[in-house]
Every structure is written in structure tokens, then in C-alpha cells.
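Accompanying notes for the structure given below.
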Amino acid sequence: MSMLAIRYNASKERSARGYPGSGHSAPRRPSGLVRGACWLCMVWMVWMVLPLPSALAAPTLTLNDLLLLGLGHNPAVLAAREQVSAAEGMAVAAHAYPNPEVSGLTGRGKEQNVPAPLSGSVYSFALHQPLEYAGLRNPRIQAAEASVQAADAARRAFENDALAAIKLAYYDLLRRQDEAQASEEDLQITQKIRDSIALRYHVGESPRFDLITAETERLNALKNHDMALLRTRQARIALRQAVGQSIPEDTQILGSLPDAVVLPPLATLQEQLNARNPELQQVQAENQAAESRVDWQKAQRLPQLALVAQHDADPTLSSSRVGLAVTIPLWDQHSGPVLQAQADLARSRHVAESRRQWLGESLSAAYARFDSARNQVSLLENELLTQATEARNVAEAAYRHGERGILDWLNAQRTYRIARSELITARYDLATVIVEIDRLLATPPSVSSPTASTP
């Protein structure tokens, strides 16, 4: 090979590789700025396509969360607490001692019937300080302190009722959610039945009557589903009203209706009722306040003492005197206020006894309803619903094999729907009875009610 051919081949290789001097430039690599922009774009696209899980998660609230929100933010509960502050203010006033009364007079005076009368300024100062003894002061203080205890018990009773209202609204929402879920399942099943019958009708295996019946069932299920969604929204609004604070619409309420609850014997619950019920504590404190007011009114029949001090000065004489003033109950022996206080005491005792009997009977009735509701839940869940499910499955299989008609399948589906609805209602009734017992026993919000899975 000649030198000219070798040089030509080398030049050709340099041109192919893009060496300098070959007349062709090598491909340029992207700069660092361009690579950084590309990476930022990729990160932004991943961020938009795969957002963080926390950004998608809806807020959740449990029953105890709702109870704590109601106690801390409900305006009605906060207003009830202010009644205790007002009663404490009255107790502070009852501890106060009576204020002294100071009087003073001034003017000009002149001697009379003397050859050289003197004239000048005259003045007089007097102090009147009522004196309280223990027999009058202590009953007034005891009545005020008992009134504070009664106000605090009334506050706890109001909070107890507010907690019961929140629990009822909470369980009502869970009930409506279960009904909405069940109605959605019914709608899907009836739609499936309708589509299956429509297919068989078009191929000539089912009469038009079956298609019309299935379509009617589907429309009825659609109507029930719409009504269930409406009742769910209404229950959510009622829960917000009971809590007293706005809850976002996308908040997920966690929990389920109870189906297995164990309570102590009725005698144990009666003891807890007498020891913890705030309504009983309120009437007991009101009895103590009424007894102290009777003692206070009787103490006012006794003579009242007051310390009196006086100083007089005129141009010729200056004198100071100290003594006691006694109020003698001669004409007004305070009989009317005493009789009124005694009547209030008798009324308070009758109210306390009536309240004690009413609460005891209410607990007995609630316990009886609890036994009945628990038996209903057990019967529906373990027997009726199981049998209705088996009957529905058998009717569906029989219809598919041509052994039964569409009416048998739809009747079995309707029976299953009724049994499931009755189970949801029975669980809700059991929950309401538990709420009533918790209200009577003043169960604190930190104690969670037992819950179980829904059907």
C-alpha cells in the first residue's frame, strides 16, 4: 500500500471519530445547568404523581376525641361552668365581715346665758361596727359553701348530659353509615340480578315479568340508598351540633356499634349510682344548704350587737364615748323567714327522695332493656342473619339452575335485607341503653364503651 493511501485512511478515521483537524466537531455533552434543570423537572413530576400519604389522609376522630372536644369547646358546657364561678363569688361574699358605719357632723356653736359667750367650730364623729358571733356567721358560710357544691354538681350533671348527647349522636351516625353501606350492597346485588335477568330475557330464557320485577327491586334499592345517604348527612350534622364545634365534612368517624357487652350485677350498679351520680350529689348539697339557711334564720332571732364609738367637741367641751348597741327582736322575731327556710328544707328533702327513687328505677329499667337488647343482638347475629344468608344463597343457586323462580330469589334477598336491618337497629338500641347506663353512673369520657364489628 502506498503512503498516499495510508494518509487517506488515517484522515478518514479521524473524520469518523471527530478528531481535531478532521473538519468535523465531536458531539457536545450537556452542561451542568441543563442537567440540574432536568433533575428538578423529574423530581417535580414524581412529587405531583406520588404525593405524600399524609396529604391524602382524611382526619379521623374516635368517640373519646369527640367527647373531649365537647367538654372543651361546647359553649353550653362553658356557660354551665360559669355558674360555679358565680356560686364561688357568693361564697366569698358570705365570708366577708360587715362593714363599719362612720358618721360625722360639723358646724358652729356659741355659749348661751353667760356674760362672755365663746363661739367656734363644733364637730362630732361616730363609729358603728356590727359584731357577728359564730352562731350567726358559721351557718351563712356553710350555706354558701353547700351552694358551691350544688352548683358544681349541677355543672357535672350538665356535662354528663352533654356527653350522653354526643354518644347518642355518635352511635346514630355509625348506625346511618352501616345502613348506607348495606343499602349500597343491596343496590349492587339488585343491579347484578337485574343484569342477569335482562341477559336471560334477551336470549329468551326468562319472561318479561321477571325483568320488570327485577327492575322494580333495583329502583326500590336505589331509593333506599339515596334515603340512607341523606340520613347519614343529617346524622353528621346532629353530631356537630352535639359536639358544639364544626367538624370538617371529610372527617372519618372511627368506631362501630357494640354487639357484645358485659355489665356488673344490678346491685353493684346501684351502689355506683348512689356514689357517683351528680344529680344525687346536687340534691344532697342543696339539702345541706337548706339546713344551714334554717340555722342562719333562727340565729337572727337573737339580739344583734354592735360596737358604738363617738367623739364630740365644742368650744368648751371635748368628750369621747364607747358602748354597745343591741337590737332586741321584740316585735319582729323573724318568724316568717324561719318558716320559709323550713318549708324550703322540707321541699328539698322530698325532691331528693323523689330523685333518688326515680334514678334507681331508671337504672333498673335500663338494665332490663340492656338484657333484652343484648339477647336480640345475639339472636339476630347468630341465628336469623345466618339462616337468611343461607336461604339467599340457596335461592340464588336454585334460580340459576332453573329450579326456582325470580320471586323466590328476590324474597330470599328481601328476607336477608330485613334481618340485617333489624340487626343494625338492635345494635343501635344496645348502644343507646349503654349510653343511658353510662349517664346514670356518670362514667368519665376516658372510659371507652365496648365496641364490636358491624355486620
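Derivation of every value follows stated rules applied to the coordinates shown; laboratory data play no part. These numbers come from a predicted model, not from an experiment. Virtual Cβ from ideal backbone geometry, glycine too; neighbours counted across all protein chains shown.
Computed from the C-beta positions of A76 and S318 and an R0 of 51 Å, the FRET efficiency is 0.20 to the nearest 0.05. Using 17 Å as the cut-off for backbone N distance, which residues of the range 91-128 belong to the label zone defined by a point 7 Å from the Cα of A325 along Cα→Cβ? Answer for this model: 98-105, 124-128.
Sites listed here are GluC sites (Glu not before Pro) in the range 239-303 whose DSSP assignment is loop and whose Cβ has at most 11 other Cβ atoms within 10 Å: E249. Kirkwood hydrodynamic radius computed over the range 381-432 comes to 11.6 Å, based on all pairs of distinct alpha carbons.
A straight chain from Q83 to L131 at 0.36 nm per residue would run longer than the Cα-Cα distance by 14.1 nm. Compared with the direct C-alpha span, the chain from L199 to V351 gains 47.5 nm at full extension, assuming 0.36 nm per residue. Going 7 Å from the Cα of W358 toward and past its Cβ, which residues in the range 268-293 have a backbone nitrogen under 17 Å from where you end up? What the label zone holds, given the 17 Å backbone N cut-off, is 274, 277-287. In the range 269-369, taking the dipole from charged Cβ atoms about the Cα centre, the farthest positive-side position among A366, L280, A309 is held by A366.
Measuring from a point 7 Å past the Cα of S121 along Cα-to-C-beta, which residues in the range 283-317 have an amide N at less than 16 Å? The answer is 312-317, whose backbone nitrogens lie closer than 16 Å to the label point. Extending 7 Å from Cα along the Cβ direction at L266 and again at N375 yields two label points whose distance is 1.3 nm. Placing +1 on the Cβ of every Lys and Arg and -1 on the Cβ of every Asp and Glu, with nothing else charged, gives the range 58-208 a dipole about its Cα centre of roughly 400 debye.
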